[in-house]
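**Student:** My questions will all concern the structure given below.
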Amino acid sequence: MTASVEGRYVRHEVLPEIGPAGQRKLAGSTVFIAGCGALGGFQAELLARAGVGRLRIADGDRVEWHNLHRQILFQESDAESHVLKAEAAAHRLRRINSTIAVETLAIDVNPRNAESLMADADIVLDATDNFETRYLLNDVCIKLRKPWVYAGVIGTRGMVMPVLPGLNGPCLRCVIPTPPKPGTIPTADTAGVLNCAVALIASLEATLAVRILLGAPPAEIGLFHANVWKMSFDLMKVRRDEQCPCCALRSFEFLEGRRPCRTDQSIGR
Ligand SMILES: [Zn+2]
């Protein structure tokens with residue numbers, strides 16, 4: 001089959017950071033992406049092209065016209081027919097790389113399905129548009145000792161932080177102990193979002209995913225912040241909170257439904 005043609009990944013294989021062994025490792029990896037809108041679309045496309053063997057993506061939304069400026073998996077006909085994002089994403093990703101397994105589910109991640117969606121994933125990527133789901137991802141990944149990458153974009157700014165339970169790194173709640181109250185932070189609806197900011201942050205998330213899958217995570221965990229318009233970038237040092245309710249005390253309030261916190265805040269703060 002031409003899709004499996006030898007040399008497909010040669011430009012990755014010659015990279016010392018990946019090499020043929022790394023490429024085989026990617027082919028044997030499973031990534032779960034929570035959402036396939038702006039961040040998730042870029043991540044999924046990069047990882048599909050990189051040859052990650054299995055992509056599982058959950059998103060219950062449908063394609064809208066106002067998604068097209070930043071959600072690269074979708075085109076005008078998808079918005080015209082108001083198609084499910086999961087359906088349109090699967091169609092495009094399979095045309096990009098037919099040699100990988102693409103599983104898309106037209107559902108949102110919730111406390112009832114979260115563990116089963118992520119149980120066999122090697123890493124989880126945040127591409128959600130609300131804090132409720134991010135805290136849920138954090139609970140599940142800390143409980144299952146699974147790496148995940150938090151990210152958010154708003155306006156011209158974005159941030160990224162890997163959470164590595166296996167290395168005792170800080171978790172989302174060590175850094176942002178409780179979800180922001182509704183109405184206290186800007187949303188993409190009110191503040192807008194620059195498509196280039198999404199591309200940068202999603203690319204960093206995908207890079208972290210590849211590094212973690214290849215067993216080469218960053219030595220120091222930090223919260224990376226970028227403002228693409230101002231061309232300013234910084235890495236804030238973060239520390240584990242020894243009293244963190246999630247990673248230290250292993251109380252999974254969001255997974256167990258004890259902390260409903262629907263903020264409806266679009267990507268990031
Ligand atoms: Zn923590």
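**Student:** Looking at the stretch 225-253, which of its residues are open to solvent by 50 Å² or more (accessible area, probe 1.4 Å), without any contact (Cβ under 8 Å) to a residue 40 or more places away in the chain, more than 16 Å from the ligand (Cβ to nearest atom) and not aliphatic (A, V, I, L, M)?
**Tutor:** 233, 234
**Student:** Next question, about the same structure. Looking only at residues that are open to solvent by 10 Å² or more (accessible area, probe 1.4 Å) and away from the ligand (no atom under 14 Å from the Cβ) in the stretch 148-165, which one is farthest from residue 255 (Cα to Cα)?
**Tutor:** It comes out as 156.
**Student:** Identify, by number, the condition in (1) over 27 Å from residue 200 (Cβ atoms); (2) surrounded by fewer than 22 Cβ atoms within 10 Å (Cβ to Cβ); (3) in contact (Cβ under 8 Å) with a residue 40 or more places away in the chain; (4) more than 16 Å from the ligand (Cβ to nearest atom) that residue 80 doesn't meet.
**Tutor:** It is condition (3) that residue 80 fails.
**Student:** For the stretch 51-74, does any single residue satisfy the condition of being β-branched (Val, Ile, Thr), under 27 Å from residue 163 (Cα atoms) and in contact with a strand residue (DSSP E or B) (Cβ under 9 Å, 6 or more places away or on another chain)?
**Tutor:** Filtering the stretch 51-74 for residues β-branched (Val, Ile, Thr) gives 52, 57, 63, 72.
Subset that is under 27 Å from residue 163 (Cα atoms): 52, 57, 72.
Keeping just the survivors that are in contact with a strand residue (DSSP E or B) (Cβ under 9 Å, 6 or more places away or on another chain) gives 52, 57.
Within the stretch 51-74 (the criterion being β-branched (Val, Ile, Thr), under 27 Å from residue 163 (Cα atoms) and in contact with a strand residue (DSSP E or B) (Cβ under 9 Å, 6 or more places away or on another chain)), the answer is yes, since at least one residue qualifies.
**Student:** Follow-up question, since we're still on this one. Pick from the stretch 171-180 the residues that are buried (at least 21 other Cβ atoms within 10 Å of the Cβ) and in a loop (DSSP other than H, G, I, E, B): which of them is farthest from the ligand (Cβ to nearest atom)?
**Tutor:** Across the stretch 171-180, the extreme among qualifying residues is 179.
**Student:** Also: Answer yes or no: is there a residue in the stretch 181-201 that is outside any loop (DSSP other than H, G, I, E, B), under 17 Å from residue 125 (Cβ atoms) and of a type in the set (Asp, Glu).
**Tutor:** Checked the stretch 181-201: no residue is outside any loop (DSSP other than H, G, I, E, B), under 17 Å from residue 125 (Cβ atoms) and of a type in the set (Asp, Glu).
**Student:** Would you check which residues across the stretch 165-183 are touching a strand residue (DSSP E or B) at 6+ places or on another chain (Cβ under 8 Å) and not aliphatic (A, V, I, L, M) and list them?
**Tutor:** The initial filter retains those residues of the stretch 165-183 that are touching a strand residue (DSSP E or B) at 6+ places or on another chain (Cβ under 8 Å), namely 169-172, 175.
169, 170, 171 - these are the residues of the stretch 165-183 that are touching a strand residue (DSSP E or B) at 6+ places or on another chain (Cβ under 8 Å) and not aliphatic (A, V, I, L, M).
**Student:** Which condition number does residue 125 fail, the rest of (1) within 16 Å of the ligand (Cβ to nearest atom); (2) under 22 Å from residue 67 (Cα atoms) being met?
**Tutor:** (1)
**Student:** Return the only residue of 220, 205 being within 24 Å of residue 52 (Cα to Cα) and among the acidic types (Asp, Glu).
**Tutor:** Details: 220 fails: within 24 Å of residue 52 (Cα to Cα).
Result of the check over 220, 205: 205.
**Student:** Right, another one. Could you tell me which numbered condition residue 222 fails, if it satisfies all but one of (1) in contact with a strand residue (DSSP E or B) (Cβ under 6 Å, 6 or more places away or on another chain); (2) at pLDDT below 95; (3) open to solvent by 50 Å² or more (accessible area, probe 1.4 Å); (4) not charged (D, E, K, R)?
**Tutor:** (3)
The values are calculated or read from the model by the stated rules, or taken from the named source; none is laboratory data. All values derive from a computational prediction rather than experimental measurement. For neighbour counting, all protein chains shown are included, and Cβ atoms are generated from backbone atoms with ideal geometry for every residue, glycine included. Surface accessibility is based on the protein's heavy atoms, side chains included, excluding ligands, DNA and RNA. Shrake-Rupley method; radii C 1.70, N 1.55, O 1.52, S 1.80 Å.
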